[in-house]
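One structure is given here, and the rest of the page talks about it.
The values are calculated or read from the model by the stated rules, or taken from the named source; none is laboratory data. Just so we're clear, the structure is a prediction, and the values are computed from it rather than from any experiment. Cβ coordinates were reconstructed from backbone atoms using ideal geometry, including for glycine residues, and neighbour counts include every protein chain displayed.
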Amino acid sequence: MYNNPNQPPQPPYGQPPFQQGAQPPYGQPPFQGQQPPYGQPPYAADGIPPIYSTPAPRKKSHKKLWITLGIIAGILVLGCGAIGTFAFKIGSQVAAPVIALTSYYEALKTQDYAQAYTYLDPQSLTVQGQTVTPTIYGAAEASVDKQFGPVTSYKLSNPQIQSDTATITVNETRNQPRTITYILKRIGNEWKISGINNGTGLPTTGG
């Protein structure tokens, strides 16, 4: 027997001959020259279907989001800066007369009457009808310390600031505690004591 080149190839021994449209056994690739049924992927030579990979989804750009957040952050920084400037200005107005009166009392604690005098406004104060001078003021404060005892501590409270004037209450700790109300006036860039209410021998508002 010889092989006829015009005759289709014969299947291996024990297998049925190839028929047009016949399906191969389960798990075996299609017969040579046969297309797989519609909707089924073609098989490789080893019978394993090919694996298809899907492209990764494109990442969304967050550029607009970051720009928006940056603008909001800038507005907040500017707003906080304006608030901080306003708070600093208000704080400075309150702090200046409080610092002046605190410095005055620190001088009284050491009975440094000459230093304490520098925090007064002599043009607005009198002692028993006389214009306040360093000598008159020193004698008046020495008399107060002798009568009530020297200042050992003090507490400032209730500062009320109105433009160029301020009113502050001081609770003195002496042998006999006292409460004094001070009136301060801004003269140039400094705050000076222009009125003292209550206290024998202490300066009083002039006029």
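Things to note:
- Summed over region 131-161, the residues that are among the aliphatic types (A, V, I, L, M), over 16 Å from residue 179 (Cα atoms) and surrounded by fewer than 17 Cβ atoms within 10 Å (Cβ to Cβ) give a count of 2.
- Tallying residues that are over 17 Å from residue 148 (Cβ atoms) and in contact with a Pro (Cβ under 9 Å, 6 or more places away or on another chain) within region 170-184 yields 1.
- Flag if residue 198 is exposed (fewer than 13 other Cβ atoms within 10 Å of the Cβ), at pLDDT below 90 and more than 13 Å from residue 95 (Cα to Cα): yes
- Taking region 138-188 as the range and being on the phi > 0 side of the Ramachandran plot and of a type in the set (S, T, N, Q) as the test, the residues that pass are 158, 163.
- Scanning region 105-132 for residues that are more than 19 Å from residue 148 (Cα to Cα), part of a helix (DSSP H, G or I) and under 43 Å from the mean Cα position of the chain (by Cα) yields 115, 117.
- Every residue from region 174-189 that is in a strand (DSSP E or B) and either surrounded by 14 or more Cβ atoms within 10 Å (Cβ to Cβ) or among the aliphatic types (A, V, I, L, M) (or both): 178, 180, 181, 182, 183, 184, 185, 186, 187
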